[in-house]
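The structure appears right after this line, and notes come after that.
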Amino acid sequence: AAAVIALRELARSGDVAAALVPAPPYTRPGEAGTLAHFTALAERGGLPLVIYDIPYRTAQPLGTAALDALGRLPEVVGVKYATGAVTAEAMELLGSPPPGFSVLGGDDAVISPLLAAGAHGAVLASANLRTADFAELIRLWHDGAAVPARELGADLAHMSAALFAEPNPTVVKGVLHAEGRIPSPAVRLPLLAASAESVRRAARTARAGSG
């Protein structure tokens, strides 16, 4: 009920393309309960939905059949796919997604192989840095330019690993602050600010590809 209210308020605010909505965390309602939850949000929330499939944070995995069923709801336009690995289920989903349903990579370090397998795009914390390079990576894979795409993907994966050396988004915020792009690197408890060494290391990888 609270999620429906939040979606309706967001819809009333205007200028919103879609809402990114994860499975309910901690409760582990099973796939049937999760499908019922998302169906209620889709029917009553008043906004297109992008499902956020991130089981290592929610403890509720969504199989290919569940995502296919969700993707056939008119209000569900895509999934941010962040399962932590490129699995057989990922390949099955990417091989035949529902019509009009976008599969967006959500795991920064493996976005290149997901794009190679057919992902439509990505939603990535790392793309706050070297944004143009991530856009170029997507273009290269969509154009079938495998050799430069692999090279750029490996480079960006190296940067992403440095950015995730401590809990996300602490290092990302540290680097953005060091570059003068945000006013403060502060995060809220229980997160702690990233160490100076992690920020320096990640900043070097960000600068390495900036030229």
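The values are calculated or read from the model by the stated rules, or taken from the named source; none is laboratory data. This structure is a prediction, so every number in the text was calculated from the model and none was measured. Note: ideal-geometry Cβ built from the backbone for every residue, glycine included; neighbour counts use all protein chains shown. Heads up: the accessible areas ignore ligands, DNA and RNA and are worked out on the full protein's heavy atoms, side chains in. Shrake-Rupley method; radii C 1.70, N 1.55, O 1.52, S 1.80 Å.
The relative contact order of the chain, computed from alpha carbon pairs under 8 Å that lie at least 6 residues apart in sequence, is 13 percent.
Each residue of the stretch 71-80 was assigned a 3J(HN,Hα) from its phi angle through the Karplus curve 6.51 cos²θ - 1.76 cosθ + 1.60 (θ = phi - 60°); the sequence is x, 8, 6, x, 7, 9, 9, x, 9, 8 Hz, with glycine and proline shown as x.
Summary value for the stretch 105-211: 25 percent relative contact order, contacts being C-alpha pairs under 8 angstrom separated by 6+ residues. Look at where the Cα atoms of the stretch 98-164 and of the stretch 1-77 average out, and the two centres are 24 Å apart.
Ranked by the mean number of other Cβ atoms within 10 Å per residue, highest first, peptides 55-63, 177-185, 112-120 order as 112-120, 55-63, 177-185.
Compute the acute angle (0 to 90°) between the alpha-carbon long axis of helix 146-163 and the principal axis of greatest extent of the alpha-carbon atoms of the chain; round to the nearest 10°. Here the helix axis deviates by roughly 80 degrees. Probing with 1.4 Å while keeping every protein chain in the model, the per residue accessible area of the chain equals 51 Å². Going through [x] 18.0, 49; [y] 23.6, 87; [z] 16.5, 53, the figure that equals Rg and Dmax of the Cα atoms in Å as computed for the structure here is [x].
Take 168-174, 68-74, 46-52 and order them by the average number of nearby Cβ atoms within 10 Å per residue, most first; the result is 168-174, 46-52, 68-74.
With distances taken between every two different alpha-carbon atoms, the stretch 1-110 has a Kirkwood hydrodynamic radius of 14.1 Å. Put +1 on the Cβ of every Lys and Arg and -1 on every Asp and Glu Cβ in the chain; which of VAL4, VAL172, ALA66 then has its Cα farthest towards the positive end of the dipole? Of VAL4, VAL172, ALA66, it is VAL172. Taken about its Cα centre, the chain carries a charge dipole of roughly 600 debye when the Cβ of each Lys and Arg holds +1 and the Cβ of each Asp and Glu holds -1. Helix 196-208: angle to the longest alpha-carbon principal axis of the chain, degrees 0 to 90, nearest 10? The helix 196-208 is inclined about 90 degrees to the chain.
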